[in-house]
Amino acid sequence: MERTTRRTNRLWGLLLLSIFVCGVMASGQEEEFTFDADAFAKKAYSLDGYFEFRPSLARLRQDSSLYRLKYFDLDSPKTLTQGNFALLADFSYRKGIFEALIEPYLDSTLSPQENDVSGELFQGYLSLKPSVAFSLYAGKRTLRWGKGYAWSPTALVERPKNPNEPDLAREGYWMIAADYTKSFTGALKTLSFTPVIIPVSQSVNPDFSSKDGLNFAGKLYLLFLDTDIDLLILTGKSQKTQFGLDFSRNLRSDWEIHGEIAVLRDLERRTVDDKGQMHKGMFDATRYLLGLRYLSGAETTYILEYYHNGIGFDSNQMADFYSFVNIAYERYLATRDDLDLKAGAELKSYSGFSPMTDYLFLRIIQKDAFGILYFFPAVTVMANLSDMSASLAPELTYKGFTNFELRLKAFVLTGKSGEDFGEKPNRFRLELRVRYFF
Amino acid sequence: MRTQNSAVFRTALVAAIVLVSASLISAQADQDVDGNAILAKMDRNLSPESFEAYRKLINIEPNGRSKEFVLYTVKKGADKVAALFLSPASEKGRSTLRLDENMWLYIPNVAKPIRITSLQSVVGGVFNNADILRLDYAVEYAVEQKEDTGEEYILHCKARTRVVAYDRLTIRVEKTRLLPIQIDCLTAAGMLIKTIVFKEVKDFGKGIIRPSVIETVSPLYKGYKSVMIFANIKARELRDEVFTLTFLPQLDTLRK
């Protein structure tokens, strides 16, 4: 019995000693960090991209003009639930100075009202890069010109940006383009020239312009006196010559200012009067934007932009359009004749993102909010200065899980009947976006 | 006679004050030159003037969870540095460029470089852009005071311009190898923003012997830690055109 007790005590002693020794060893142990850089060696092939799942719930504004245009043939839905799946993939192959890239985008929408699957080739081009100062591209490519965050008036050779989602990838145009760059010492540090050739025909870039022909664009970039400056031009058979100028510079380490101006000539615009008469006219216009970006000591970023859309509609023109749609809708209810409603839906410039002339944009983003790493709450306000209707979009983004991005975003649209945001089809929209990157 | 003595005394006193002041000014000037020379030598010991390197950033949270980022970095001369994210997939292709006091961020989907500030964080966590796109310390800071503790120099540095992320640095430098041991980053008022500790001195070849691990903690992020591990640091000659907005989306083509 005594021997057993002694043995038990000895075992306990050994156990405690082991725990103590392990504790001492553990307390003195350095954390070990390893890094095998060879695992990241360059490969000839690469495949990158993301899968996206985006369910949403929208409360619709049934008496709005754009609701009537969009849902007139449905059973007057009050709410709209949707599930979207998307895939964006970048497949590239590199050998020496040669590179090929293909970027397809697939999107599917599932909802009680509609099921739709669409696919586009966003980019697909071949490039030659014989030196760091010169590159040549041929194929479908997205060019992003301009310094604005929500809008880019000087984006002369790209599809319109959605100010609600300015960071989304967009489809490019078929083109031949080159980049030539030269660095200097002194006030002028960098000079780059980007010439672009864009053909337009019924089968190539048909949505670039309604007139077929060969078009030429160019961007001259200067880093002069610590200011980014772009001089832009678009000319050719499909439109009269258009000019653009943009700039961006840091006022201080925490303040940035940017601006853009585009002078557009002979733009074609279709309008409709309250009696339903369509008019087609050509006119000149100027679009400009002025913006500020500020980073506070608490790591809050503020982006403020004012946008003047010289090709936008004034209040009377918008009122005519709303009146036309409402009369067409009444006629449809009475006779089931939907011709005018379908014609109204074709007038895309009325139902676009920013159809009127003056807008203000404010976005506030907080980094690592409430001490939570990779947590980015934000709020975005976009207001139409002509009628003071607005869209308010709070959002919560979390990027803490490797290769996942989670975002919950709501849109609240305020405005009365006859006002820009009051005539949008949604009153409220809640959207969850889950992205997995590969 | 008394008046004459008084005049001599006054003259001697003025001469003594002038001599002492001159010697003090001269000593201060020597110390400044010496401190700045130490800082410049420390910079060269950390990396060649123009180089390429791979870095892994690890953000460690108080609960032990961590997230890793891998970057490819190139630097040329005193004012040009660029970095490209290779991993994780959610950040791949994201690149940043610093040309003197100008900084830009390029995000592949956005496909347009935007101007950023040195305090902004590209990845979240304790690291900010200035840590990722750091120029030589001697380019950004001037030594105001140098202490010699026997085994270490302690350099009290002040920012040369207002665009840097930290107004003051206190750098502990190992005397024998002139390598940094620890850097305290402070505001103008002397408030500690972060502490950077240099560890695990490693021979990277071709005369580059330097700490391979840098740990950063911040009282603003209590319990959080960021670690930067260096690999494959190599001297490399690069053209100035590499450090331009036009080339920023093509940084990956530099990798061999």
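Since every read-out is calculated from the coordinates, none of them should be taken as a lab result. Values in this document were obtained by computation on a predicted structure and should not be read as measured data. Note that each Cβ is placed from the backbone with ideal geometry, even for glycine, and that neighbours are counted across all protein chains shown.
Side notes on the structure shown:
- Here the contact order of chain A, divided by its residue count and restricted to Cα pairs under 8 Å and six or more residues apart, works out to 13 percent.
- Across the options B:Ile183, B:Phe247, B:Phe51, the greatest Cα extent toward the positive end of the charge dipole of the stretch B:43-254 (unit charges at beta carbon of Lys, Arg, Asp, Glu) belongs to B:Phe247.
- Residues A:Leu110, A:Leu222, B:Leu99, arranged from fewest to most other Cβ atoms within 10 angstrom of their Cβ, appear as A:Leu110, A:Leu222, B:Leu99.
- Averaged over the residues of B:92-102, the number of partner chain Cβ atoms lying within 10 Å of the residue Cβ comes to 3.
- Each residue, A:Thr235 and A:Lys275, gets one label point 7 Å from its Cα in the Cβ direction; the gap between the two is 4.3 nm.
- Calculated from backbone phi, Karplus (6.51, -1.76, 1.60) coupling profile of the stretch A:73-82 in Hz, x at Gly/Pro: 8, 9, 8, 6, x, 8, 10, 9, 10, 9
- Per-pair calculated FRET efficiency, R0 = 22 Å: A:Leu87 and A:Val412 via Cβ, rounded to 0.05: 0.15
- Simple spin-label estimate for A:Asp207 and B:Arg239 gives 3.7 nm between the two label positions (7 Å along the Cα-to-Cβ direction from each Cα).
- If you wrap the stretch A:205-298 in the convex hull of its Cα atoms and look at it from every side, the mean projected area works out to 9.7 nm².
- Cleavage-rule hits, GluC sites (Glu not before Pro), the stretch A:32-99, DSSP coil, Cβ neighbours within 10 Å at most 16: A:Glu32
- Taken over the protein assembly as shown, the percentage of Cα pairs per 20 Å bin, counting from 0 up to the bin with the maximum distance, is 15, 43, 27, 11, 4, 1, 0.
- Between the stretch A:378-438 and the stretch A:100-170, the alpha-carbon centres lie 22 Å apart.
- The ranking of B:Met42, A:Met388 from fewest to most other beta carbons within 10 Å of each one's beta carbon is A:Met388, B:Met42.
- Beta bridges per DSSP with both ends in the protein assembly as shown, % antiparallel, nearest 5: 100
- Under the Karplus curve 6.51 cos²θ - 1.76 cosθ + 1.60, θ = phi - 60°, whole-Hz ³J(HN,Hα) for the stretch A:343-352, x wherever Gly or Pro sits: 5, x, 5, 6, 7, 4, 5, 7, 9, x
- Look at the stretch A:368-376: the mean tally of other chain Cβ atoms within 10 Å of its residues' Cβ atoms is 4.
- As a length-normalised measure over Cα pairs under 8 Å and 6 or more apart, the relative contact order of the stretch B:75-181 settles at 16 percent.
- Amide H within-cut-off set for A:Met175, under 5 Å, with H built and near neighbours excluded: A:Gly139, A:Lys140, A:Arg141
- Structural size metrics of the stretch A:138-217, computed from C-alpha coordinates, are Rg and Dmax of 14.8, 48 Å.
- Rounded to the nearest Hz, the phi-derived 3J(HN,Hα) couplings of the stretch B:139-146 under the Karplus curve 6.51 cos²θ - 1.76 cosθ + 1.60 (θ = phi - 60°) are 6, 8, 10, 10, 7, 8, 8, 10, where x marks glycine and proline.
- Between B:Ala40 and A:Ser315, the distance separating the two model label sites (each 7 Å from Cα on the Cα→Cβ line) works out to 6.7 nm.
- At R0 = 30 Å, FRET efficiency that the Cβ-Cβ distance of A:Asp226 and A:Leu126 yields, to 0.05: 0.25
- Pairwise alpha-carbon distances in the stretch A:43-437 exceed 40 Å for 18% of all pairs.
- Cα-centred dipole magnitude for the protein assembly as shown, charges only on beta-carbon of K, R (+1) and D, E (-1), debye, nearest 20: 1300
- Trypsin sites (Lys or Arg not before Pro) lying in DSSP loop within the stretch A:215-296, provided at most 14 other Cβ fall within 10 Å: A:Lys237, A:Lys240, A:Lys275
- Computed from the C-beta positions of A:Phe51 and B:Glu152, the FRET efficiency with R₀ = 41 Å rounds to 0.20.
- Taking a point 7 Å out from the Cα of A:Ser111 in the direction of its Cβ, the residues of the stretch A:46-69 whose backbone N falls within less than 17 Å of it are A:53-69.
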